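A short worksheet on the structure shown next.
The values are calculated or read from the model by the stated rules, or taken from the named source; none is laboratory data. Quantities reported herein were computed from a predicted structural model and do not represent experimental measurements. Reconstructed Cβ throughout: ideal geometry from the backbone, glycine too, with neighbour counts over all protein chains shown. Calculation scope for accessible area: heavy atoms of the full protein, side chains included, ligands and nucleic acids excluded. Shrake-Rupley method; radii C 1.70, N 1.55, O 1.52, S 1.80 Å.
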Amino acid sequence: MNTIPNVPYRLEFSVEVPGTPQQVWQAIATAKGMSAWFLPTEMEEREGGSLHFTMGPEMGSDGHVTRWDPPRRIVYEEDWAALMGKDPDVLSPLTSEFLVEAQSGGTCVVRVTSSGFGTGADWESEFWEDMGVNWMPFFDNLRLYLKHFPGQETTQLEASASYPVDAQALWSALHDALGLGGEGAKVEIRGATGTVERVGERQVLIRLTAPVPGMLSVFAYGESAGTATAGVRAYLFSADAADYVRREEPAWHAWLQGLEVAVPEDTGSDVTQPASMT
């Protein structure tokens with residue numbers, strides 16, 4: 001029996017960012033721009049063009065651009081069913097729209113809407129709740145990118161490790177081990193120096209100044225009951241960034257996997273397992 005996807009889901013928010021409409025458009029509607037604050041992105045920059053977001057090893061989301069009106073509006077659809085491994089008949093595409101509105105004082109408001117239709121399953125509601133929580137911190141990245149690195153191309157660094165603990169316990173261990181401070185604090189993290197720009201729930205965003213300039217996001221999130229992942233994602237803007245990543249990405253993996261975390265006794269182990277970030 002076929003089930004028609006007629007249960008609506010919608011996520012709406014707006015963010016104010018520095019820059020001209022053209023600078024903001026470059027950041028939200030080009031592969032180079034999206035990769036510099038979001039996920040590694042491939043995009044044919046035109047209406048009807050293909051789109052791919054890389055979410056981790058052998059993980060990604062495919063879609064295409066459905067509206068292209070530079071520098072004001074872009075709309076794209078992702079294959080929600082394929083992303084979730086579901087029957088394509090039970091889910092609509094996942095549609096996202098970005099509207100850019102110029103403001104006085106050299107800023108723009110970006111209005112973001114994501115929507116789709118499902119069958120009302122519990123996992124669908126959880127997906128949309130998690131999507132809002134997981135997506136919003138990226139827009140802090142967008143603000144920082146447009147303020148300090150507009151138009152620049154990034155080299156990304158990613159590393160993570162999973163532990164049999166809850167997310168808050170893992171975040172406490174990660175936060176303490178790195179010596180993260182409050183907003184405005186100067187920090188030194190494994191040989192890199194910078195300033196804390198944003199403190200969120202189990203997430204800190206740092207603007208790096210040396211040895212390579214960029215942005216570093218440090219976070220922890222729960223994957224399932226009793227399991228959580230600690231991760232870092234850096235966006236680096238320098239001719240030396242690729243060499244830095246080749247050297248430091250394996251070191252970050254090893255450091256995260258060796259993090260001292262109080263593991264509940266009933267698990268019987270302190271061993272960590274690497275996990276892909278999403």
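Step by step: find N for the stretch 7-149, compute 2.2 N^0.38 Å, then divide the Cα radius of gyration by it. What's the final number?
Dividing the Cα radius of gyration by 2.2 N^0.38 Å gives 1.04.
Skipping prolines and chain starts, which residues have an amide H placed within reach, meaning under 5 Å, of the one on A159, given they are 5 or more residues away or on another chain?
It is V232, by chain and number.
Once you put a point 7 Å from the Cα of M131 and another 7 Å from the Cα of D176, both along the Cβ direction, what distance in nm separates them?
The two pseudo-label positions are separated by 3.7 nm.
Given Cβ point charges of +1 (Lys, Arg) and -1 (Asp, Glu) and nothing else, what value in debye, to the nearest 20, does the dipole of the chain about its Cα centre take?
1060
List the lysines whose Cα lies under 25 Å from the Cα of K32, skipping any in the same chain that are fewer than 8 positions away.
In chain and number order, the partners are K147.
Once you sort the root eigenvalues of the Cα gyration tensor of the stretch 155-258 as a ≥ b ≥ c, which label holds: rounded (a/c under 1.5), prolate (a/b larger than b/c) or oblate (the other case)?
oblate
Answer with one residue from W25, S125, G48: the one whose Cα lies farthest towards the positive end of the charge dipole of the stretch 7-149, charges on Cβ with Lys, Arg +1 and Asp, Glu -1.
The one lying farthest along the dipole's positive direction is W25.
Along the charge dipole of the chain, Cβ charges K/R +1 and D/E -1, which of A177, H64, P150 sits furthest on the positive end?
Result: P150.
What value, in deg cm²/dmol to 500, does the helix sum -39500 (n - 2.57) over DSSP H runs of n ≥ 4 give at 222 nm once divided by the residues of the chain?
-8500 deg cm²/dmol
Which length gain, in nm to one decimal place, applies between R246 and V7 when the Cα-Cα distance is subtracted from 0.36 nm times their residue separation?
Details: separation 239, 0.36 × 239 = 86.04 nm, distance 4.54 nm.
Roughly 81.5 nm would be gained on extension.
If I stretch the segment between D87 and R46 completely, what's the gain in nm (0.36 nm per residue apart, minus their alpha carbon distance), one decimal?
Residue separation times 0.36 nm, minus the Cα-Cα distance, leaves 11.9 nm.
About the Cα centre of the stretch 7-149, what is the dipole size in debye to 20, counting +1 per Lys and Arg Cβ and -1 per Asp and Glu Cβ, all else neutral?
Here the size comes out at about 760 debye.
Keeping all protein chains in the complex and leaving out DNA, RNA and ligands, what accessible area do you get for E183 with a 1.4 Å probe, in Å² to the nearest 10?
Solvent-accessible area, nearest 10 Å²: 110 Å².
Tell me, what is the percent relative contact order of the stretch 91-189, built from C-alpha pairs under 8 Å that lie six or more residues apart?
Reported relative contact order: 15 percent.
Between (i) 0.97; (ii) 0.95; (iii) 1.02, which matches Rg/Rh (Cα atoms, Kirkwood Rh) calculated for the structure shown?
Only one option fits the structure, namely (i).
Over the chain, with a Gaussian network built from C-alpha contacts below 10 Å, which listed residue (V75, V263, V204) shows the highest mean-square fluctuation?
Of V75, V263, V204, the most mobile in the Gaussian network model is V263.
In whole Hz and in residue order, list the ³J(HN,Hα) couplings for the stretch 65-77 that follow from phi through the Karplus curve 6.51 cos²θ - 1.76 cosθ + 1.60, θ = phi - 60°; x for Gly and Pro.
So the Karplus estimates, Gly and Pro as x, are 7, 9, 9, 9, 9, x, x, 10, 8, 10, 10, 9, 10 Hz.
Which loop-located trypsin sites (Lys or Arg not before Pro) does the stretch 113-213 contain, where loop means any DSSP state but H, G, I, E or B and the Cβ has at most 13 other Cβ atoms within 10 Å?
When the trypsin sites (Lys or Arg not before Pro) of the stretch 113-213 are filtered for loop state and at most 13 Cβ neighbours within 10 Å, R190 remain.
Give a residue-ordered list of calculated ³J(HN,Hα) values for the stretch 138-151 (Karplus: 6.51 cos²θ - 1.76 cosθ + 1.60, θ = phi - 60°; whole Hz; x for Gly, Pro).
5, 7, 5, 4, 4, 4, 5, 4, 5, 6, 10, 9, x, x
At 1.4 Å probe size, with every protein chain present, just tell me what the per residue accessible area of the stretch 7-149 comes to in Å². Walk me through the intermediate numbers first.
Numbers: 6570 Å² over 143 residues.
Value for the stretch 7-149: 46 Å² per residue.
If you take the charge dipole of the stretch 155-258 about its Cα centre, with +1 on Lys and Arg Cβ and -1 on Asp and Glu Cβ, which of F219, T229, V204 is farthest toward its positive end?
V204
Ignoring ligands, DNA and RNA, what percent of the 1.4 Å accessible area of the stretch 7-149 is carbon and sulfur?
Solvent-exposed carbon and sulfur of the stretch 7-149 make up 49 percent of the total.
Could you pull out the trypsin sites (Lys or Arg not before Pro) across the stretch 1-51 that fall in loop regions by DSSP (anything but H, G, I, E, B) with no more than 11 other Cβ atoms inside 10 Å?
R46
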